[in-house]
1. (1) under 13 Å from the mean Cα position of the chain (by Cα); (2) of a type outside the set (G, A, S); (3) surrounded by fewer than 18 Cβ atoms within 10 Å (Cβ to Cβ); (4) not in a loop (DSSP other than H, G, I, E, B): which one isn't true of L15, the others all being true?
2. In this structure, does T31 turn out to be assigned to a strand (DSSP E or B), of a type in the set (S, T, Y) and surrounded by fewer than 14 Cβ atoms within 10 Å (Cβ to Cβ)?
3. With the checklist (1) among the hydrophobic types (A, V, I, L, M, F, W, C); (2) assigned to a loop (DSSP other than H, G, I, E, B); (3) under 11 Å from the mean Cα position of the chain (by Cα) in hand, flag the one item I50 doesn't pass.
4. I'd like the full set of residues that are touching a residue at least 40 places away in the same chain (Cβ under 8 Å), touching a helix residue (DSSP H, G or I) at 6+ places or on another chain (Cβ under 9 Å) and in a loop (DSSP other than H, G, I, E, B), limited to region 53-94.
5. Suppose we filter F52, F36 for residues that are surrounded by 13 or more Cβ atoms within 10 Å (Cβ to Cβ) and of a type in the set (F, W, Y); which single one remains?
6. Among the residues of region 19-68, which ones are β-branched (V, I, T) and either in contact with a strand residue (DSSP E or B) (Cβ under 7 Å, 6 or more places away or on another chain) or modelled with pLDDT under 95 (or both)?
7. Q92: of a type in the set (S, T, N, Q) and surrounded by 12 or more Cβ atoms within 10 Å (Cβ to Cβ), yes or no?
8. If a residue has to be part of a strand (DSSP E or B) and without any contact (Cβ under 8 Å) to a residue 24 or more places away in the chain to count, how many in region 34-47 make the cut?
Amino acid sequence: MEVTNEHLGRYYRYLQQHLTFPFRATYEEETGPLSFTEHELNCLQLDQEIQFEEFYGILVECREGRKKTIRELADIVVDEENVNYQLIDDYQTWFWNYR
């Protein structure tokens, strides 16, 4: 199943019903050649305004400290013990392999 706006919409609705919010996650930001900084996030909900975009995939609204941020669900990392781990891992596998 190729990643298209139609399929992203279906996946978005599925995740909207099955993900448990809020949850903790991390993402890595490239800060230089072969240099990364890890950021901790509190993911609040799937983004309600843009929801998804074919290039970036499904978006999630997060807080990084006091700052509100929107991150790509395909780029965040959740701990394997997190109740959402399998749902997010399945989505990321599909998104990165069928783009």
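The values are calculated or read from the model by the stated rules, or taken from the named source; none is laboratory data. Keep in mind the model is a prediction, meaning the values are calculated, not measured. As a convention, Cβ positions derive from the backbone with ideal geometry for all residues, glycine included, and neighbour counts pool all protein chains shown.
1. (3)
2. So T31 fits the description; yes.
3. Single failed check for I50: (3).
4. Within region 53-94, E54, I76, V78, D79, N82, N84 meet the criteria.
5. Just a single option satisfies the conditions, and that option is F52.
6. Across region 19-68, the qualifying residues are T26, T31, T37, I50, I58, V60.
7. For Q92, the condition - of a type in the set (S, T, N, Q) and surrounded by 12 or more Cβ atoms within 10 Å (Cβ to Cβ) - is met.
8. Qualifying residue count for the region: 6.
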